[in-house]
1. How much length would be gained if the chain were fully extended between residue 159 and residue 133, taking 0.36 nm per residue of separation minus their Cα-Cα distance, in nm to one decimal?
2. Using label points projected 7 Å from each Cα along Cα→Cβ, tell me how many nm separate residue 48 and residue 104, to one decimal.
3. Using C-alpha positions alone, give me the convex hull volume of the stretch 230-306 per residue in cubic angstrom.
4. Treat each spin label as a single point 7 Å out from the Cα along the C-beta direction, and report the residue 207 to residue 116 distance in nm.
5. In whole angstrom, how far apart do the alpha carbon centroids of the stretch 74-91 and the stretch 284-298 sit?
6. Any chance you could list the semi-axes, whole Å, largest first, of the equivalent ellipsoid that the Cα gyration tensor gives for the stretch 88-141, using √(5λ)?
7. Which values of log₁₀ I(q)/I(0), to two decimal places, follow from the Debye formula for the chain at q = 0.09, 0.10, 0.13, 0.16 Å⁻¹ with a uniform point scatterer at every Cα?
8. Rounded to the nearest 5, what % of the DSSP beta bridges within the chain are antiparallel ones?
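What follows is calculated from the coordinates using simple rules that are stated; it is not laboratory data. None of these values were measured; they are calculated from a predicted model. Cβ: placed from backbone, ideal geometry, glycine included. Neighbour counts: every protein chain shown.
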């Protein structure tokens, strides 16, 4: 197992931990807000019920009586057999965190707009082919996870939610990405990895973006507009078919880690030496000769480079 591979695994783990901490405010205090796991016990509680989890309960529908738990702000129905989002779910007006991962949901109904307080919406590993435009009415949303569905385009409705800070669209079938992503002004983390993107067009990214994951696509060329994102710290472009990098990469002055592994790069522009904060550069799996490798090592003594 190569040192670069081990490092990449550690880096991915680090990013995951960072975002776990980053979303810590969304976690449930088990003392103040005990999480119930069955509806009967919750209904018998003499105190307001704020959190309930029906994870892996084999449910095909939500219990109708959940409508009585009008204080709920956390609902987890991950790992069941739901084919739709039951209407009773949308009666829970205090919901802030909704997890419906690992079900068989094919669409998001119009009623999603009724969850005005929703901040985190996770619907990974379902069967979505599009995202209902009514989601744009959720102006408190900060985190959306649509990983491992059947989406073919970037959901345009997300462009109208400037409060969003994290978008995960990993493992879909997206081939087109809007060039107006800069409308999501507070976005810090964007994951578009493992899709079918080959052309990023003239993509414009939000100024606050720090983490950008585009690995495992079919990207041939990077638009120069990407290098205007001066606050990016972690950039993953591995496992694409990129043949060259623009000298404007020097504009990514806050970059700490750049992963370009498994592309078609024979060289990098000399301007990359200006990335003084760059701690890690991964170039494994590119057709670089010994002279190029030696040159880059000389140009970037402050950077750990994996070849």
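1. On the way: separation 26, 0.36 × 26 = 9.36 nm, distance 1.04 nm.
Value of the extension gain: 8.3 nm.
2. 3.7 nm
3. Details: hull volume 5.5 nm³, N = 77.
Taking only Cα atoms, the stretch 230-306 has a hull volume of 71 Å³ per residue.
4. Distance between label points: 3.1 nm.
5. 52 Å
6. Values: eigenvalues 61, 30, 20 Å².
Whole-Å semi-axes of the equivalent ellipsoid: 17, 12, 10.
7. -0.51, -0.62, -0.93, -1.25
8. Details: 0 of 36 bridges.
About 0 percent, rounded to the nearest 5.
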